[in-house]
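Input: a single structure, listed below in structure tokens.
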Amino acid sequence: MKRLLHKELLRLLVYVLLGSAFGSYWEQAALGAALILGLLLAQHIWQLQRLAQWLLQPETEPPQAHRLWGEVFDGIYRYQRRQTADQQQLARLLERIQNSSQALRDGVVMIDQQGDLEWWNRAAEQLLGLSESSDRGQPITYLLRHPQFVDYYESQNYLEPLVLPSHLDETRFLEYQLTLFGENDRLLLVRDCSKIKRLERMRQDFIANVSHELRTPLTVLSGYLETLSDYAHDLPAQWQRALVLMTQQTARMEHLVADLLTLSRLETSDFKAEVEPIHVAAVLEAIRVDAIALSEHQHDIILDVDAHLYLRGAAQELRSAFSNLVFNAVKYTPQGSCIRVQWYHDQDGAYLAVSDNGPGIDNQHLGALTQRFYRMDSSRSSQTGGTGLGLAIVKHVLLRHQGHLHISSVVGQGSCFTCHFPLSQTLLGHRA
Ligand code: ADP
């Protein structure tokens, strides 16, 4: 390109010299040079006009030209052809992506920055009842109006999917998973999870029914065992021992059934947020009295609570969750241990922390403690009458109150179980 420019400048110089030589014949060298420059300028203007003309219809062949102008035309032509090829490749890729999305069994919906429906696949059309003619460009929250979906959409916290009954058919369940991309655009994935939901429901019903059915025979058994215990002193020694063991195991089974029933109630019943605020300080004081009785005064139980901090929620459920944590601290720490129960708040929420200076829990167990029937040491747990369901109940109760459980522990130093609630669940300075 540089070479061409040099040639062009050389040509200009030669023409100017020729023009001035021609003009000097009439002693008008400057006029001759100006005339030649003028002619050259006119030629460039003509080429520019051809370029402008061609750019109006760039798909046609470029005009024929030589030297620098020829290079300009060819360069633009080559660039245009590359662009067209790239565009075609992109269009093919887009078509492939659209075709594969169409073939997906899950619904895919693209939502623009304004929250309007931009594009969706065939599965989304069927799952959500979308119609190309009437729904394109409509706000997503106009189509999916369920308050829980609107909250989920606006929260911008899309770590977990949301499961709701379908608005087209109440017997079906849809799982919605939103993802943010680009500049506030969203991708909505919709999946029919009715089958899983049905299976889950069957499991819950089965557990609830079995637990319910077990309750009556267990009550009869423990009743007779109690009566027999009154006459224990008349029985031979080995029968006395058997009676004690039978009574212990029946009590354990009763505990287990009660915990299973509590869990299935928590899973199946809809949560109705009670407006009545709970005076957590009073609840904790009552739990402390029970915990002292359970520990037979062998533990030091300290309360450090904010008496003006109230919590909205189901009193019975929260009491059961908090007492599970305090009773665990009594059950799993040796005599003489210190248990501290704190209830406080900061700008991120309210916290109920139960800490102890007991044996602590190994790191490898921490993640699994809230799973049903998970026990670190089943022999120790059965000694204490544990069912392995206590922390699962705590987790469920907290979930229903928008809270979550955090467990930290150091082996040999103790454990701390903290329930965190958002500030929206609390009431400050409330007086009953
Ligand atoms: P369980 O009904 O057996 O007590 P949980 O779900 O309440 O079941 O507790 C699960 C396990 O967590 C217990 O078996 C116990 O090993 C452990 N654990 C709970 N609390 C503590 C604590 N404060 N210190 C040490 N271990 C604990």
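The numbers here are math on the coordinates, done by the rules we state, and not lab data. Values in this document were obtained by computation on a predicted structure and should not be read as measured data. Because the Cβ atoms are built from the backbone with ideal geometry, glycine has one as well, and the counts that use them run over all protein chains shown.
Sequence-distant or interchain residues sharing an amide H contact under 5 Å with SER166, placed H: which?
Answer set, sorted by chain and number: ARG172, PHE173, LEU174.
Run the dipole for the chain about the Cα centre, Lys and Arg Cβ at +1, Asp and Glu Cβ at -1, nothing else charged, and hand back the magnitude in debye, nearest 20.
For this selection, approximately 1440 debye.
For the chain, compute the number of Lys pairs whose alpha carbons are separated by less than 30 Å, excluding pairs fewer than 8 positions apart on the same chain.
For the chain, qualifying lysine pairs total 6.
When the chain is treated as a GNM, springs tying every alpha-carbon pair under 10 Å, which of GLN64, GLN88, GLN371 comes out with the largest mean-square fluctuation?
Maximum among the listed residues: GLN64.
What percentages, rounded to whole numbers, describe P(r) for the range 196-268 computed over all alpha carbon pairs with 10 Å bin width beginning at zero?
19, 37, 22, 14, 6, 1
Is the C-alpha gyration tensor of the range 228-355 telling us rounded, prolate or oblate? Criteria: a/c under 1.5 is rounded; beyond that, a/b larger than b/c is prolate, otherwise oblate.
Judged from the Cα gyration tensor, the range 228-355 comes out oblate (a/c at least 1.5, b/c at or above a/b).
If you filter the range 249-332 for chymotrypsin sites (Phe, Trp or Tyr not before Pro), then keep DSSP loop positions with at most 15 other Cβ within 10 Å, what is left?
PHE271
If you place +1 on the Cβ of every Lys and Arg and -1 on the Cβ of every Asp and Glu, how big does the dipole about the Cα centre of the range 1-153 come out, in debye to the nearest 20?
Once rounded to the nearest 20, the dipole reads 780 debye.
For ARG203 paired with ASP290, estimate the spin-label separation in nm (one decimal), with each label point 7 Å from Cα along the Cα-to-Cβ line.
Result for the modelled spin labels: 2.8 nm.
Return the distance in nm (one decimal) between the two label points of a simple spin-label model at GLN53 and THR171, each offset 7 Å from Cα along Cα→Cβ.
With each label placed 7 Å out from Cα toward Cβ, I get 7.4 nm.
Grab the beta carbon distance between TRP46 and VAL163, set R0 = 51 Å, and tell me the FRET efficiency rounded to 0.05.
0.10
What is the Cα centroid distance between the range 110-128 and the range 149-205, reported in whole angstrom?
14 Å
Output ³J(HN,Hα) for the range 357-368: one whole-Hz value per residue in order, computed from phi by the Karplus curve 6.51 cos²θ - 1.76 cosθ + 1.60 with θ = phi - 60°, and x for Gly and Pro.
Using θ = phi - 60°, the values come out as 10, x, x, x, 10, 5, 3, 5, 8, 3, x, 9 Hz.
Find how much the distance from HIS6 to GLN88 grows on full extension, using 0.36 nm per residue of separation minus their present alpha carbon separation; answer in nm with one decimal.
In short, 25.7 nm is gained.
How much length is gained on full extension from GLN238 to ASP106, taking 0.36 nm per residue of separation minus their Cα-Cα distance? Each step should come with its number before you reach the end.
Numbers: separation 132, 0.36 × 132 = 47.52 nm, distance 6.48 nm.
So the extension gain works out to 41.0 nm.
Just check the chain against the gyration tensor rule for me: Cα atoms, a ≥ b ≥ c as the square roots of the eigenvalues, rounded for a/c under 1.5, and otherwise prolate or oblate depending on whether a/b exceeds b/c.
prolate
So, in nm, how far is label ARG81 from label SER24 when the simple model puts each one 7 Å beyond its Cα toward the Cβ?
4.7 nm
If the elastic network links every pair of Cα atoms under 10 Å, which of ALA293, ALA42, ALA208 fluctuates the most in the Gaussian network model of the chain?
Sorting by GNM fluctuation, first place goes to ALA42.
Report ³J(HN,Hα) in whole Hz for each residue of the range 404-420, in order, from the Karplus equation J = 6.51 cos²θ - 1.76 cosθ + 1.60 where θ = phi - 60°; Gly and Pro get x.
Computed from phi, the couplings for the range 404-420 are 8, 9, 10, 10, 10, 7, 10, 4, x, 10, x, 10, 9, 10, 10, 9, 10 Hz.
Enumerate the calculated ³J(HN,Hα) couplings along the range 251-258 in order (Karplus 6.51 cos²θ - 1.76 cosθ + 1.60, θ = phi - 60°), each rounded to whole Hz, writing x wherever the residue is Gly or Pro.
Running phi through 6.51 cos²θ - 1.76 cosθ + 1.60 with θ = phi - 60° gives 4, 4, 5, 5, 4, 4, 5, 5 Hz.
Which residue, VAL150, VAL341, VAL163, tops the fluctuation ranking in a GNM of the chain built on C-alpha contacts under 10 Å?
Taking springs between Cα atoms under 10 Å, the residue moving most is VAL150.
Which longest run of the chain has no exposed loop site in it, a site being trypsin sites (Lys or Arg not before Pro) in a DSSP loop with at most 13 other beta carbons within 10 Å, and the site itself not part of the run?
The longest uninterrupted stretch comes out as 273-430.
Looking at ASN157, ASN121, THR171, which one has the Cα that reaches farthest to the positive end of the dipole of the range 104-192 (charges on Cβ: Lys, Arg +1; Asp, Glu -1)?
Positive-end residue among those listed: THR171.
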